[in-house]
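Comments concern the structure below.
A short reminder: the numbers here are calculations on the coordinates, not readings from a lab. As the structure is a computational prediction, the values presented were derived from the model and not from experiment. Here the Cβ positions follow ideal geometry from the backbone for every residue, glycine too, while neighbour counts run over all protein chains shown.
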Amino acid sequence: MKIYLLAATSAILMIGSVGKISAQHGNTKANHVTFGVKGGLNVYNIHNDNNVKYDTKLGFHLGMLGHVHLSKQFALQPELLYSDQGAKYTIANNEFKLNLGYINVPVMLQYMFDNGFRLQAGPQVGFLTRAKSVANNTKTDVKDNFKTVDFAVGFGAGYVNPKSGLGIDARYNLGLSDINENSTVKSTNRGFQVGLFYLMKH
């Protein structure tokens, strides 16, 4: 529980500190902080370096974000999200589903166009909350088989309606660190996210 509280505290402090920094660098309308919520669909998989192929698994993500305008064209967007990830695979004609739950903290640098569109990229750290293998409606806790921290980089694009603060976000997250705790096979998380968000007082 302590590691999850640390993740939440870090994200909140990051939003606040970046907001203070941006406010100190000018008094234009570009320098302000807004908060919001977001959620949507995950299409995740696990890549293995031994050429064993897994099938993609559908999931969801849900959480909050801060949007910090550093200038008229650039913004920093730290987020705090619960993300349902994993993959599906088959062993001896038995289909297994691996359900992984993470608290993810991405920090995206965004380039904002004047028409509401934006490009984004940045690092992400994830904290494992659960890991269960499911076969024939039988669930097995396999959390000890996975590392508690995952590092990734994300990149994508989005659009926000300037008047309403409603927007859509599409992103690809590329895992960088091995998620296996004991295996000699290196496995990394990889997945697409498509979601909706709402920026308050945008």
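Things worth noting here:
- Label-point separation in nm, Tyr172 to Asn50, each point 7 Å along Cα→Cβ: 2.7
- Members of Lys38/Lys147; Lys38/Lys201; Lys97/Lys147; Lys38/Lys143 lying beyond 23 Å, as alpha-carbon distances in this model show: Lys38/Lys147; Lys38/Lys143
- Measuring nothing but alpha carbons in the stretch 81-202 and taking Rh as the Kirkwood radius, the Rg to Rh ratio lands at 1.07.
- A cut-off under 10 angstrom between Cβ atoms defines the neighbours of Asp55, and their net charge, with Lys, Arg +1 and Asp, Glu -1, is +3.
- The stretch 126-166: Rg to Rh, with Rh as the Kirkwood radius over Cα pairs: 1.28
- Each part gets one Cα centre, and for the stretch 76-135 versus the stretch 144-202 those centres are 4 Å apart.
- Positive contributions from Lys and Arg (+1) and negative ones from Asp and Glu (-1), summed over other residues with Cβ under 10 Å from the Cβ of Pro106, come out at 0.
- Within the shell defined by Cβ-Cβ distances under 15 Å, the residues around Ala135 carry a net charge of +2, with Lys and Arg each +1 and Asp and Glu each -1.
- Peptides 154-164, 126-136, 70-80 ordered by average Cβ neighbours within 10 Å, highest first: 70-80, 126-136, 154-164
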